[in-house]
Structures are given as structure tokens and as C-alpha cells.
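Data first, discussion second: the structure below is written as C-alpha cells.
The values are calculated or read from the model by the stated rules, or taken from the named source; none is laboratory data. These numbers come from a predicted model, not from an experiment. Virtual Cβ from ideal backbone geometry, glycine too; neighbours counted across all protein chains shown. In case anyone asks, the SASA skips ligands and DNA or RNA and just uses the protein heavy atoms, side chains included. Shrake-Rupley method; radii C 1.70, N 1.55, O 1.52, S 1.80 Å.
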Amino acid sequence: MPNIKTLAQREEAQVRFTGGHSLCAGCAEPMVVRTVLNAIPDPVVVANATGCLEVATSRYPGTAWNVPWIHVAFENAAAVIAGVEAAYKALVRAGKLDRRIRFVAFAGDGGTYDIGLQALSGALERGHDFLYVCINNEAYMNTGVQRSSATPRCASATTAPVGKAIPGKPQDRKDITEIVVAHYVPYVAQAAVSNLIDLANKVERAVNYEGPKFLNVLTTCPLGWRTPRDSAIQQAKLAVETRYWPLYEVAEGRYKITYKPKKEVPVEEWLKTQGRFRHLFRSPDGEALIAEFQAAVDRYWDELLRKEQCLSGGEEKTG
Amino acid sequence: MAASLKSWKELPIGGVVPGGATPELNKTGSWRAERPIWDQEKCIQCLQCWLHCPDDSIRINGQKVTGVDYDYCKGCGVCATVCPVDAIGMVPEREGTCAK
């Protein structure tokens, strides 16, 4: 398991993602990228979907990436990395290459949940050997905070604005992690930017499996969530502690919750720190909406506990 | 005229970047409104600031923090909030305290 010293040692040996990019001050995306890249000891090839990460790190003629990196379009990061991986396998078969190379795709929630879903599903089904990292900041932050299917209910977005007609986004977010689980791939996990060592461990476990691997990482956005620029880690920590964002993994169909909060923290604690939920604490309907939000979080967590109980693989060991 | 034109094989390949050029081009330290000050005495070398820095601006050597790279630090203050022993403080950026 990589610890913080191992990660530091690897970055000192080779800086794979440099500073000087133009992501916002306090953006959580580079923390995820650096941790993922430092957690993989082998050479890495990266494909990037369109999004904040892509535009801000590759302003011509510069690039913040010190690894081979490719961007094609918004919708096809998974298809691109699948093609690169297929070309690599062809070269290995032809005896022209014998190095072990790892393939990683980075995409935002827009490029994963919405626009890139078909390409992702196709690559998962074809069984390419790659790791897909969804950097999930819960809206289209790059173009100015439009709602995506990862945006939580009641969050204010520019295409789901708070007003008399709707209290922010009226719909619930979709559960992409479970959609990927339904592809029966070897490794699927949820992580958060507040628990980077947990993320590094998950990356290490993931790359040991042959086949498609998927990570859904909650990545806070000071601009879109309307939070102070130094609060990225606290925001993600609260999301984990309130059970809004459970940290769990599904390895070969076996569920394991990797962190269970000891105290029950109401989700209100997380909501009230963000500008995108501010209206919930100002309107008379707010209390009912927060109660609904809490009920959805509880239902989701209970469901996950039951899944872990039934599908942990524990019965196999005892039986 | 036509004879002096390059053939398609001689044209430079478009959109290919040699790699890692951003640090030389963008000194994002100029974005900073607040400056992190690292206190070597208080530091317990837990590397949390290094791990969480979005701009790769915590300098390390032999897995030990050696300072802040003010050329790229955007002054977000994440390092100060994750530090468990308050070894990093944020002070307003003023004229004369700029890097170098």
C-alpha cells in the first residue's frame, strides 16, 4: 500500500504533473491527478476528456503533463484510451514493445455521466485494460456551472437556477458507480479528495486487476459550489462524514465500504457550508427540502450497507 | 512558387507539444493575493501540505518539506488548512514581499 512517503519519493523521481497550469486557486482536481499518477509506479499514458482539467493544463504551447497525454473530444476519453491500449497490445504481440504500460483516462462528471457514457460503457464491455478516473465536481464547471446528471438535488446551477418555479435542480443525481458495477468489471470504487491515501490505495488495487477499472472521485469546486477557495478538503470531508459520499469499492463483485463514519452527522452540516444550497436556509420550504435530501442520503447509505452485508464475499470465506 | 513550398512530410506536426512546458511559460504566482509562510520550527514533516497542493508548489527534498515555490503558488491557502500543527500561516501579499 503506498503511503505518503512513497508518493513523495515517486514524485521526486519524476514529476508527472507540474504546476503552472491555469486551474483556479484552490481547485481540487490537481490533487486527484497527482495522487493517481504517483500511485502507479509503471509508465503511464493518459487520455483526457474535455473539461476544466483538459483546457487549463494544455494551453498551447504549454502542457502540465510530463506523461504521454492525448485529448480528442468531450465524449470519447474511454474510446480513445481503448484505442491506445489496443495499439499497445498489437505492438506487444508483434514483439516491438515489452514494457508494462498503464492506461488512465481522466474525465469530469459531464464527460462521464452524460456526454461520455456511451463511450465508457462500450470500453467497459469490450474489456480493455485501463483505469478510468471520473473527477466528479457535480456540474459543468468549465463552461460556467451548468447542471449535469451528477448534480445533487436542490443545488443551484445556471441551467437549474433557484426561483419561484424550482428550488435548484429538481431531479436526483444518477448513480454512475452502480451503472459501472452493472458492467461486471473487475474493480469499481468511490473515493474523495479528502482521503487521498485511500484514493492511492484504491488506484494501486485497481491497476493490479486486468481489464477495465473505474474510480469515481468527489472533487470539490470552489467556484461552482460557491465555497471559500481554501476549503476544498473540508468540503469533501463533510460529504464523506455526512454519508452523502460513501467511500467504497466493489472488487470482483464484492462490496466493501472502506470508511464508515463513527458519528452520524446530518447532511445539513454539509449543505449549509455551500453557496449553491444557500436558498435552502432562506426559504420557508427549505426545511422540508433538507429533510427530503436527508432521507435520500439515508436510503442510499442503508442500501449500501445491505449490499455490503450480502455481497461482501464473507460467506465464501466461512463456508 | 510551388517549388519552394514544403511537402506534407516536411511540415511540422500540428498540435503536438514536446511536453512539460507549462512551468516555463506560466508563472502563476502572480495570481496570489495571500502568501503562505512556512514555519520550519513548527513543521512535523507530515507532508500533508505537499500532498494537497494543487500547484505542486510545496518544495520537497528527500521526502522533507524545504519551502514554498512562490513562482507557482496561487495562494489558495489549502496547505494552511490541512496543516495539523499550524506551521503554515497566510499573510496578505504586499509589494516588496514578492518572490525573489
Can you give me the solvent accessible area of A:Leu223 with a 1.4 Å probe, rounded to the nearest 10 Å²?
100
Calculate how steeply helix A:196-207 sits against the longest principal axis of the alpha-carbon atoms of chain A, using the helix alpha-carbon long axis, and give the answer as 0 to 90 degrees to the nearest 10.
40
So what's the back-of-envelope 222 nm ellipticity for the protein assembly as shown, counting only DSSP H runs of four-plus at -39500 (n - 2.57) apiece and dividing by all residues, rounded to 500?
-9000 deg cm²/dmol
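Within a 10 angstrom radius of each residue's Cβ in B:31-39, how many Cβ atoms of other chains show up on average? Whole number is fine.
That average works out to 1.
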Just going by the charge dipole of the range A:4-310, with Lys and Arg at +1 and Asp and Glu at -1 on Cβ, which of A:Leu117, A:Ile135, A:Gly253 is farthest out on the positive end?
A:Ile135
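Taking square-rooted eigenvalues a ≥ b ≥ c of the alpha carbon gyration tensor, is the range A:239-319 rounded, prolate or oblate, where a/c under 1.5 means rounded and, failing that, a/b exceeding b/c means prolate?
Numbers: a/c = 3.59, a/b = 2.84, b/c = 1.26.
Verdict is prolate for the range A:239-319.
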Peptide A:9-20: average number of partner chain Cβ atoms within 10 Å per residue?
5
Could you tell me the center-to-center distance, by alpha carbons, between the range A:224-294 and the range A:131-177 in angstrom?
14
Length-normalised contact order of chain A in % [C-alpha pairs under 8 Å, at least 6 apart]:
16
Any aspartates and glutamates with Cα under 12 Å of the B:Lys27 Cα? List them, leaving off those in the same chain fewer than 8 positions away.
B:Asp55, B:Asp69, B:Asp71
What angle, in degrees between 0 and 90 and rounded to the nearest 10, separates the Cα long axis of helix A:117-126 from the longest principal axis of the Cα atoms of chain A?
40
Cut-off under 17 Å on the C-alpha distance; same-chain residues fewer than 8 positions from A:Lys263 excluded. Which aspartates and glutamates are left, in chain and number order?
A:Glu241, A:Asp298, A:Asp302
Residue pairs, from the table A:Lys202/A:Lys260; A:Lys260/A:Lys307; A:Lys96/A:Lys213; B:Lys42/B:Lys64; A:Lys272/A:Lys307; A:Lys5/A:Lys202, whose Cα atoms sit over 20 Å apart:
A:Lys96/A:Lys213; A:Lys272/A:Lys307
Averaged over the residues of A:224-237, the number of partner chain Cβ atoms within 10 Å of each residue's own Cβ comes to 3
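Provide the packing ranking of A:210-219, B:30-39, A:51-60, i.e. peptides ordered by the mean count of other C-beta atoms within 10 Å per residue, highest first.
Per-residue mean Cβ counts within 10 Å order the peptides as A:210-219, A:51-60, B:30-39.
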Determine the relative contact order of the range B:30-95: mean sequence separation of Cα pairs under 8 Å and six or more apart, normalised by residue count, in whole percent.
48
Most packed first (mean Cβ within 10 Å per residue), the peptides B:67-74, A:30-37 order as A:30-37, B:67-74
Rounded if a/c is under 1.5, else prolate if a/b is larger than b/c, else oblate: which is the range A:1-103, with a ≥ b ≥ c the root eigenvalues of its Cα gyration tensor?
oblate
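Tell me whether the range B:30-95 comes out rounded, prolate or oblate; compute the Cα gyration tensor, take square roots of the eigenvalues as a ≥ b ≥ c, and use a/c under 1.5 as the rounded threshold. Write out the running numbers ahead of the final one.
Numbers: a/c = 1.76, a/b = 1.42, b/c = 1.24.
Judged from the Cα gyration tensor, the range B:30-95 comes out prolate (a/c at least 1.5, a/b above b/c).
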